[in-house]
Structure formats: structure tokens, C-alpha cells
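Below is one structure, written out as C-alpha cells, with a few remarks after it.
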Amino acid sequence: MEEGGGTMAGITSIGAYIPMYRLDRQEIGRMWRTKGSGGERAVAGYDEDAVTMAVAVAQDCVRRSNKQVDGLYFATTTAPYKEKQSAAIIASVLDLDRRCGTADFTNTLRAGTTALKSALDAVKSGSAGEIAIIASDCRPGAPKGRFEQILGDGAAALTVGSSDLIASVEGSYSIFSEFTDIWRTEADAFVKSGEGRFIDEVGYMPLMQEAISELMKNSSLSAGDFSKAVFSAPDVRQHADLARKLGFEASRVQDPLFTLIGNTGTAAALMMLVATLEEASPGDRILFANYGDGCDAFILRVTEEIARIRTKPTMKERLERKRFIDYGTYLNWRDLVPFEASSLPERAEPSLASRWRERKVISLLNGVKCKKCGTPQIHPIGQTVRICVACQSKDAFEEYKFSDKKGRLFTYAVDQLQPTKNPPGLNGVIDFDGGGRLICELTDYDLDRVKIDMPVEMTFRRLFQGKGIVNYFWKAKPIEGF
Amino acid sequence: MESIRDKVAIVGMGCTKFGERWDVGVEDLLVEAAYEAFQDAGIEPKDIQAAWIGTVFSGITALTLSPLGLQYIPMTRVENMCATGSEALRAASYAVAAGVCDIALAIGVEKLKDSGLTGVKGPAIVGDNPDGSSGIGSGYSAPASFAYLGTRYFHHYNLGPDEGKRLLAEIAVKNHYNGSLNPKAHFHNRLTVEQVLKAPIVAWPLGLYDCCGVSDGAAAAIVTRADMAKNFRADPVYIKGLAISVGARQGSMRQDYDYVHIEENVLAARKVYQEAGIKDPRNEISIAEVHDCFTCHELILYEDLGFSARGKAREDIDGGTFSLKGELPVNTDGGLKCFGHPLGASGLRMMYEVYLQLQGKAGPRQVKDPRLGLTHNLGGNAGMGVASCVVVGNERTK
């Protein structure tokens, strides 16, 4: 099907996020006394989920573009809430205009590309100018099972617009398929699937071949016309089989990254596309296809603008930034093992009314700056500041965002008693560049390297769960090499 | 502004044994402390004209006092975090000074061990509303909230981790030695520096023995007009100054706070010295009971209270200045560290020791010829706190 008439639409920016933790598949094998498959899988930190990774990847994506988005489409199969929109949480943390269109695309691994198609349509129709598509997943694989080894956690993002395209969309083709190969019902804690060869031979392989062949036929192109083929697959073997069947040389097929991070679900295809685009040259033609209850296939053409997004971190750098955890830690972080409750007092339950009043502190880490003395300030437990902590002026403030400020660790406390899934707890007094101080938790650190004056930045994480709601807030983390 | 100096006297005190008092309840602790105080003052319960009870967790409103059976007199519960016991004494003293009553009871109690928890119950975040909050404060423990000070102090004064830890250990060893001489203290074990250093870390640099005991206990004081004091006893103890300084979280919100002192401590001390007419605290004060909830706090308190010059606490610790036989003995009864810390009782427990010392009744812990004693509490922590200082003396100068 040709992309006919109207406004042009294409990709304007890209982003990827891989949590820093890895589980070596040999470690999984050691646990279950079986042969672990090769490589490692990415594991979201104990305080991360699909939403926090989405925020991180959106920040990476937006950094490479100077455009305001007026749409945010979030694709996942592991939203923290069954009922309550994740896209709205993400949009609030990104401080998007309230007229921004938000939508969750879910229940299928194809959600990311379905969101991409919808975004392209919206931009072409003129109903939106620039839309962010964020795919993020932390899919649960049952302990000892195949998916525990295959899956990985991560997020990828694209923005779609009508100008300054880094890649235009020259064609697309989609089909749906009612086929039960991979699923989770309301009651399932883990991903389930049909027998391997059956779902491969009847589902993935013929369907992907059909959609991709039709798309190439419609555009009068063949495998040799593409610089790179980027497509999802359930695992490494099926990925390689399909490449062969479609006639793509191995060198022109994007590595699915499965050995390095695992299959990241809705994020996987977009993650691979990001890796390809980072290294693409103007004029490159890319085949991009995604599978899940059908298939979405696209033909992309890279433009001169591609140089704009070649900023750090690169995919290689993201992949290199890692720390291995052991299997016990993995079980604990993923809530897969019951454990004895702390003997410390429980925290007060969060109040919905209080959280609503303090919503801008929670979503943006907004404090205030005194108009009289210029001191930026934020209350350590989020109470509204009415009186300046420096000059005692009353209500003479402008809003001041701390979440995008870098800072330094003034002093810290390593806490063996803190109820955390990553003991010991690390808490710091953060002095922000430009003024203001906050006491908060730290995350994604290497305890041996924590020291006074260490530079930090803020990251949106899960604090703890109470009253059945997910309690997101900001933590500080060491600024990495990139 | 008038001063409280020499207007009010303490004429009777009582203090329970502190510890894990499984066999007694809040009511027993109150009766035990109050009746010791009544007997000490030579009065009957019916002589009490007004009472203030300090407790943080062990009961709301003055109904907590009902076990004492006082008959329809004005009674009020007060709370000021870890300075709660001192707050009860402050309220009773001011009432007497105002002339609205002549004999008042100040009593503090805490029954912490019934909770079954390690540490102190209540909101994990100081200032969190227990009825619900935004839940965004970090959930660190009380030791961690003081570890910020230790970490920064070591950095600021360039103390290596071993030297810093050793310094803190010396404080624990001193307080445990003093506690071993005190039958009412929670703990009686003496420690060596090596034992303190080998103890498990709780929140670096604080190990197990750098943290105070969590205890049950109560303490009480009978206060009266200074000019009536000698009617009760020959050796009353006179209030010389009462000061409280409460922060507005400046330390946790302002970059100019250095985490090697606590402003609330400094200001409460300055105020109390002024009221008591003390110009040279190190030489004028004979004995001090300070809030050693964690050893690193006692370390900075030496400097905050003007006993040591800034950054020079180490020299005084190594010189034995604060030991029982030293120039200015600190925490002669074992301190929070060893006597224990039932929050609402602690301020009055400290006063109990100073009272005994000033009367020459401290037995093996007795310091030589004391004239003035100081008690100090800090509620909250570095960055946001309630500091209380009380100075008392055994001579009435007006």
C-alpha cells in the first residue's frame, strides 16, 4: 500500500533505554542445574517498571530533538495498572501540555508498531504535529522456564513528525492474525506459549513472510534493495531462519540484541530500529517489521538529518553499561519469592489527596524559587513551601523544576536497616547546581564508588507500594560516563 | 524579657529502671517514677497542683496520667519529639514561675518495647503525617539520619575512616563504662574500642554500639517556687535556664548548612547560657547530660555546646576531657547510649542524673564539687530538629 498524498510523515528522533542490570544465562542455568543458553538478559532494577523505563527513554529521545510533542502513545504489555492510563503518567513526568493526546497501546507485542502506524496516520491527517511513541516492557517469565532466559527488560522510543525527518516512511503493510501462540490471561502471572515448532511454522514464519513479501511486491522492491532488515522474532533461531527465508544476507540483518539483553517485548523491534538508525547513512533503505497477533511492516528511507541523532549514548555504550546480579537478587526484585517482613515500623500509607496536592512535586520534582532572594528550594517530604527557607518572604515564589538539574552528593548515609530490595539503602543530601538541596534515595550506583561530591542526576523511579497504588518519585543516580 | 533563672527549683525526682520492662506497663512506669519523686520531695500526691506529662507514643491527652489517680487537677500532655521530657519540665517550670501554681509535676514516659518493633515506632519519615502523606520522603532509618553527620564530619575534618570510627568508639566505651556504674541503666556491659569497632555496621559509620538503646522507662520531677524550695529539702536544685530552638528544615533545604554541626543545638545552647549567665561553658559547667542517640551526635555536640573548639573534639576525647574523672564529665549515667532512650522520659532522666550529681548522691559516678549541670536533647535530626537545653545549679544566686 502506497503512502498516498497529504502531509509527509516520518521518524524525527529515536531513543533507547536498557536498565543497567544483567542476569547471565549461565547463572540461570546454575540455579536450575540445566544448561543456560548463551549471553545475558537485561533486568529492570528493583525500582523500575515499564513506566519508569518509558520516562527514561522518552528523555533520551527528546534530548535528540528540539520539537514539542502533542501526542504520546505508550506501548506495553506490562503496564503497572490494568485500569489507569500509563501514557498520562509518562506525559505528566515529561511536563507535556495537557492538550497532548495520550493513549496506551497494549495487549500485543505488536503494540509499538501499531502505535507507530497510528501516529503516522495522525501526523499525515494533520490532527497532530509531533507524536512520541514509547515502547517499554518488563515481561514476566516463569522461574525455570524458557521465557525466563529469553526475555529481557528495556524501552525504546521514536518521535514521528512531518518535518526534519531522519527517516521517511515509503510504504507499509499490516495484517492481523487470530492465532494463539503467546498469551497471558488476567490470571496468568507469566507469559505462556504454544509448542515451539507449531507456533513457529503456523504463526510467526508464514505471517511475517506474507506481510514482508506483499510490502516488497507493492513497492516493487526485493531483498537486495534494502541496506538493512530490522524485524522482531520470538528468539534468535527464528530470527535467523526468517532472514534466510527472506533472502537477506546476515550482514544486512540487524542483530536482535537477544544475546545481549533478551527479547524486550513491545520494545524489541523499536530497539533494533534505533540501533540500525544510529549507524545508518543518508539514503539507506530499511525494511522494518514487527510480529504479534499479526504483522506491521514498513519501508523506511534515511535522510541527511540522520546526523542529528548521532549523539551519545550509542547503543554500544548502553550495552556496555552493566552490572551483573545473581539469581537470588533477580527473584527478589521481581517479587518471585516471599520474604520475611522488616521488623522496622511500616511507613504511613500514602494519601491520595496529599498526592494530588503535591502532584507537581511527584511528577516533575518541582519546588520553588524565591522572587525576593532567588533561593531555589524544595521541601524534603513534598510539603508546599509558603515561607522562603532563606529570607522568610511569604508566597513570593515562582515554580522551579529540580528534576532536570544535576547536582552533587554533599553527604550520604548507607542504611542497613532501610526496607529496600537492594540493601543496603543509600540516601544522600543532594545539592543542586544553581541552588537547592534535597535529601533522597539513590539508585543505580556502585557502592564502592560512592563518595562525597559525586555528580548525580535525577531519575524517576518506584519508591514503594502502598494503599495499592504505585508510588513513583525521583531518586538521584550517579552521572555515568555518557 | 525576664529570665527563668532562680525562680523555680526541683525538689524531688524519680526515675525508673530503664530497659526492656516486659513485666510492667505504662501505668506501672508512671507510678514508679512519680512515687519516687513524691517521696523524694516529701509530699503527697494530693499536694500536686498541676501536671504535665510528656510522651511521644505512649498515649494521647493527659488521660495517660490517669493511673496516678490525681484528683481533678489541670493535666496536659506535651510532645516535642525527643525533647518531650524536657518540654514537660519547661511547662511545669513556667507555670510555677508565672505564679499560677506552687507545686507542679513534670513526668515523662515511653513504653517502646510493647510494639514488638526494632527501633522506634511511628512515621519512618520524621514529620510524615501518620494519617497519610504523599509518601515521597526516602524511607531511611533513624541511624541513617545521623550517619549523614558522621560521613560529612570525617570528610570535613579529613579523618580517615579508621580514625573516625575509633573516635566514635571512644564515646561508646566511655558511656558504657559510666552505665556500668548505674543500676538503673538499661545496659551494664563495659566495652572495649575493639568490640565497638567489630560490631555490625548499622548505617556507616555507625555500628551497633554507636546507637542508643530502645527502652521502656519513666522519670519525674516535682518543681516549686525557688523561695519555697528549702521548705521541702536542704539541697534543692535551681533552674538557671530553659531554652528550646526549633528549626524550619533549613538544614535539609539550604546548601549553606554544613552537616558538621546542628544549628538548633548551637542556638539552644547560646540561649540557655545567656539565661543562666554562663560565659565559659567548658569551665563553668560541671556536668553535662547530652543527647547521644548516636555517638557521632555526641561528637558534634561537644562542639555545638561550646565544650570543644570547632573541629577539636578529637583532642578533647583523646585527652579524656569528657570521662567521669575528666575536666567536664559528659553522660555520667551512661547516656542514651547505655541508660536507654524512652523518648518522653529521656529529658527528665538526664535531669535526674544532674540532680543526683548536684546533691552529691551519684555514688560511684559522683563528680567532684559540681555547681552547674546541663541537659540537652535533640528531637529530629541533622537538617531539621528540636533542640532543648536546660541548665540547673545547686546554689541560688539571687
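Side notes on the structure shown:
- Restricting segment B:285-384 to trypsin sites (Lys or Arg not before Pro) in coil, as DSSP defines it, with at most 15 other Cβ within 10 Å: B:Arg310, B:Lys312, B:Lys325, B:Lys361, B:Lys368, B:Arg371
- For the protein assembly as shown, DSSP calls about 75 percent of its internal beta bridges antiparallel.
- Prolate/oblate/rounded label for segment B:276-398 (Cα gyration tensor, a/c 1.5): rounded
- Note on A:378-387: average number of Cβ atoms from other chains within 10 Å of each residue's Cβ is 5.
- Cβ-based charge dipole, segment B:261-386, positive-most Cα from B:Gln357, B:Val266, B:Thr295: B:Gln357
- Shape call, segment A:352-478: gyration tensor on alpha carbons, a/c limit 1.5: oblate
- Computed lengthening from A:Arg323 to A:Ile469, 0.36 nm per intervening residue step minus Cα-Cα distance: 49.6 nm
- Burial of 40 Å² or greater, segment A:436-456 residues [accessible area, probe 1.4 Å, versus chain by itself]: A:Arg437, A:Ile439, A:Ile452
- Of all accessible heavy-atom area on chain A, the percent that carbon and sulfur account for (1.4 Å): 50 percent
- Carbon and sulfur %, accessible surface of chain B computed with the full protein complex present, 1.4 Å: 52 percent
- Vicinal HN-Hα couplings computed from phi for segment A:402-413 (Karplus, 6.51 cos²θ - 1.76 cosθ + 1.60; Hz; Gly/Pro x): 9, 5, 9, 8, 8, x, 10, 7, 7, 7, 8, 9
- Net charge dipole size for segment A:387-482 [Lys, Arg +1 and Asp, Glu -1 on Cβ; Debye, nearest 20]: 280 debye
- Spatial separation of Cα centroids for segment B:212-266 and segment B:22-39, in angstrom: 22 Å
- Dividing the mean sequence gap of close Cα pairs (under 8 Å, 6+ apart) by how many residues segment B:266-398 holds gives a relative contact order of 29 percent.
- For the protein assembly as shown, a simple Cβ point-charge model (Lys and Arg +1, Asp and Glu -1, everything else neutral) yields a dipole of about 1060 debye relative to the Cα centre.
- Summed buried accessible surface, chains A and B, 1.4 Å probe, nearest 100 Å²: 3800 Å²
- Shown for chain A are the DSSP H helices of 18 Å or more along their axis, judged by Cα atoms, with a mean Kyte-Doolittle hydropathy of at least -0.5: A:50-63, A:111-125, A:205-218.
- Shape class of the protein assembly as shown from the alpha-carbon gyration tensor: prolate, with a/c at 1.5 or above and a/b greater than b/c.
- Placing unit charges on each Cβ (+1 for Lys and Arg, -1 for Asp and Glu) gives segment A:311-380 a dipole about its Cα centre, and among A:Tyr327, A:Leu364, A:Gly374 the Cα reaching farthest toward its positive end belongs to A:Gly374.
- log₁₀ of I(q)/I(0) at q = 0.12 Å⁻¹ - chain A, Debye sum with one point per alpha carbon: -1.08
- Converting phi to 3J(HN,Hα) with the Karplus coefficients 6.51, -1.76 and 1.60 and the offset θ = phi - 60°, segment B:11-18 yields 10, x, 9, x, 8, 6, 5, 8 Hz in sequence order, with x at every glycine or proline.
- Projected label distance in nm at A:Ala223 and A:Ile175, using a 7 Å step from Cα toward the beta-carbon: 1.9 nm
- Per residue, the average separation of C-alpha pairs within less than 8 Å and at least 6 apart gives segment B:143-284 a relative contact order of 22 percent.
- Low-density loop positions, trypsin sites (Lys or Arg not before Pro), segment A:425-458 - DSSP coil, at most 16 other Cβ in 10 Å: A:Lys451
- Take B:216-227, B:64-75 and order them by the average number of nearby Cβ atoms within 10 Å per residue, most first; the result is B:216-227, B:64-75.
- Residue pairs exceeding 21 angstrom between C-alpha atoms, taken from A:Lys312/A:Lys406; B:Lys17/B:Lys111; B:Lys46/B:Lys184: B:Lys46/B:Lys184.
- Residue-averaged 222 nm ellipticity for the protein assembly as shown, from DSSP H runs of 4+ at -39500 (n - 2.57), nearest 500: -8000 deg cm²/dmol
- Burial of 40 Å² or greater, segment B:242-258 residues [accessible area, probe 1.4 Å, versus chain by itself]: B:Arg249, B:Ser252, B:Met253, B:Arg254, B:Gln255
- Residue-normalised accessible area of chain A, expressed per residue, 1.4 Å probe, Å²: 41 Å²
- Using a 4.7 Å Cβ-Cβ cutoff, the cysteines of chain A lacking any partner cysteine are A:Cys61, A:Cys100, A:Cys138, A:Cys295, A:Cys440.
- Mean separation of Cα pairs under 8 Å and 6 or more residues apart, divided by the residue count, gives segment A:10-333 a relative contact order of 25 percent.
- Basic side chains Lys and Arg get +1 at the Cβ, acidic Asp and Glu get -1 at the Cβ, and with that the dipole of segment A:109-179 about its Cα centre reaches some 260 debye.
- Only one residue of A:Ala115, A:Leu260, A:Gly141 has its Cα farthest out toward the positive end of the dipole of segment A:10-333, where Lys and Arg carry +1 and Asp and Glu -1 on Cβ, and that residue is A:Leu260.
- Loop-located trypsin sites (Lys or Arg not before Pro) in segment B:135-207 whose Cβ has at most 15 other Cβ within 10 Å (DSSP): B:Arg190
- On a per residue basis, segment B:151-302 carries 35 Å² of accessible surface, using protein heavy atoms and a 1.4 Å probe.
The values are calculated or read from the model by the stated rules, or taken from the named source; none is laboratory data. The structure displayed is predicted, hence computed values, not measured ones. Note: ideal-geometry Cβ built from the backbone for every residue, glycine included; neighbour counts use all protein chains shown. These accessible areas exclude ligands, DNA and RNA; they are computed on the full protein's heavy atoms, side chains included. Shrake-Rupley method; radii C 1.70, N 1.55, O 1.52, S 1.80 Å.
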